[in-house]
1. Being at pLDDT below 90 and under 30 Å from Asp315 (Cβ atoms), is that true of even one residue in the stretch 64-75?
2. Can you name the residue in the stretch 165-202 that is at pLDDT below 90, small (Gly, Ala, Ser) and more than 21 Å from His105 (Cα to Cα) and, of all such residues, is surrounded by the fewest Cβ atoms within 10 Å (Cβ to Cβ)?
3. Please tell me if Phe16 is of a type outside the set (S, T, N, Q), modelled with pLDDT of 85 or more and assigned to a helix (DSSP H, G or I).
4. Need the failing condition index for Ile82 against (1) modelled with pLDDT under 85; (2) at negative phi, just the number.
5. For the stretch 100-125, which positions are hydrophobic (A, V, I, L, M, F, W, C), in contact (Cβ under 8 Å) with a residue 24 or more places away in the chain and open to solvent by 70 Å² or more (accessible area, probe 1.4 Å)?
6. Could you tell me whether any residue of the stretch 142-149 is farther than 17 Å from Leu34 by Cβ, at pLDDT 90 or above and either of a type in the set (Phe, Trp, Tyr) or surrounded by fewer than 22 Cβ atoms within 10 Å (Cβ to Cβ) (or both)?
7. Can you find a residue in the stretch 132-141 that is buried (at least 19 other Cβ atoms within 10 Å of the Cβ) and closer than 20 Å to Gly164 by Cβ?
Amino acid sequence: MNVKKQSIMMRLAQHFNRFQSAAVYQIMQRSLTLLFPFVLIGSISQLIQLALFNRNSFVVNVFHLSNWLSKRNIFQMMFDSITSLTLGIVAALAAMCAARYTAKHYKRDEQLASITGLIAYLILALRLTPNEGLSFNSQMLGMGGLFFGLLVGYLTGLAFKKLGRPHRRDLPLNGSAVGRSLDSMWAILLVLGVILGLSVLLNWLAISILPDQVILRLQSLKANQTGLLFTLGTGLAATSLTFFGLTSMPTLAQFGREGIASSANLNYAFSHHTAWHVPYPFTLGTLYEPFGAIGGTGGTLALVIAVFIFSKQRDYHLIGRWSMVAVARFI
């Protein structure tokens with residue numbers, strides 16, 4: 001290895017060490033470490049559901065357990081409850097953990113911060129139903145909203161850092177516990193006020209047909225006139241809207257995977273006997289499916305194998321051994 005490559009590797013190592021020592025990295029690492037047992041339990045529970053209580057599973061069909069399943073609904077309900085209360089709310093728990101460790105890092109009231117982070121994320125996940133009721137968006141509460149939960153919790157902790165007073169460890173029952181709660185009142189009001197505004201905006205977007213109209217309008221444009229950057233931008237917009245649950249799946253499916261673009265490309269290929277110069281050369285189907293979804297969730301197995309091969313830390317190997325059970329549900 002020449003001197004130039006050595007200097008580049010040393011610089012990368014320095015940047016990585018600096019990132020590991022950053023507050024945000026430590027906060028996220030502690031939050032994910034705290035969540036790991038619950039995610040593991042939920043994954044094992046889901047594995048049992050898929051293997052033993054699903055009528056289409058391999059085990060059930062091989063051993064003819066259909067009659068056995070009809071008499072064991074109580075066990076299926078128990079495992080379904082465990083999965084729903086772990087993996088189903090992991091994003092809300094992440095918001096609580098991230099808010100707690102952020103406030104603790106900056107010596108603010110971690111208990112109030114964690115409760116505020118949890119309530120804020122639950123408010124953000126609330127959606128109005130057609131009968132004017134309220135329900136939670138399951139996509140935002142589950143594993144799909146994990147990153148967003150960590151972000152909300154971290155920002156909640158930063159609000160406590162800016163507006164809250166340093167944490168006071170008062171003695172109980174001395175009349176100052178109320179004062180300790182009021183020390184963070186402005187931070188709580190700010191977080192809940194901003195979250196309420198965002199929740200109203202997301203509900204309005206979900207009720208209105210604006211996101212779907214945007215996707216359909218972008219779909220109607222000719223991709224061959226706008227090129228690759230346009231398709232990447234519209235793909236990012238569609239993914240972002242879907243991340244917040246603001247587009248319907250049929251509309252998103254029409255955007256480059258099925259519908260106008262795919263039909264036009266297929267007709268062109270049949271009539272000209274070649275795929276060169278098709279009307280829509282760049283679509284989600286031709287870009288995301290081959291390059292963005294390689295391996296799917298089963299790619300987690302490769303990560304576990306890489307930990308066993310390259311990591312020398314005992315804790316990582318311990319996590320890898322426990323994770324093998326959870327990864328089995330993707331195989």
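The values are calculated or read from the model by the stated rules, or taken from the named source; none is laboratory data. It should be emphasised that the depicted structure is a prediction, and the values quoted were computed from it without experimental measurement. When we count neighbours, we look across all protein chains shown, and the Cβ atoms used for this are built from the backbone with ideal geometry, even at glycine. Quick note on the areas: whole protein, heavy atoms, side chains included, nothing else; ligands and nucleic acids left out. Shrake-Rupley method; radii C 1.70, N 1.55, O 1.52, S 1.80 Å.
1. No, that holds for no residue.
2. The extreme case among them is Gly175.
3. Here the answer is no, as Phe16 does not meet what is asked.
4. Status for Ile82: all satisfied but (1).
5. Scanning the stretch 100-125 gives a single hit, Ile119.
6. No, the stretch 142-149 contains no residue that is farther than 17 Å from Leu34 by Cβ, at pLDDT 90 or above and either of a type in the set (Phe, Trp, Tyr) or surrounded by fewer than 22 Cβ atoms within 10 Å (Cβ to Cβ) (or both).
7. no
Rundown of residues vs (1) more than 13 Å from the chain's Cα centre (by Cα); (2) closer than 15 Å to Ala94 by Cβ; (3) part of a helix (DSSP H, G or I), yes/no style:
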| site | (1), (2), (3) |
| --- | --- |
| Thr116 | yes, yes, yes |
| Ala120 | yes, yes, yes |
| Asn131 | yes, no, no |
| Gln139 | no, yes, yes |
| Leu146 | no, yes, yes |
| Tyr154 | yes, yes, yes |
| Pro166 | yes, no, no |
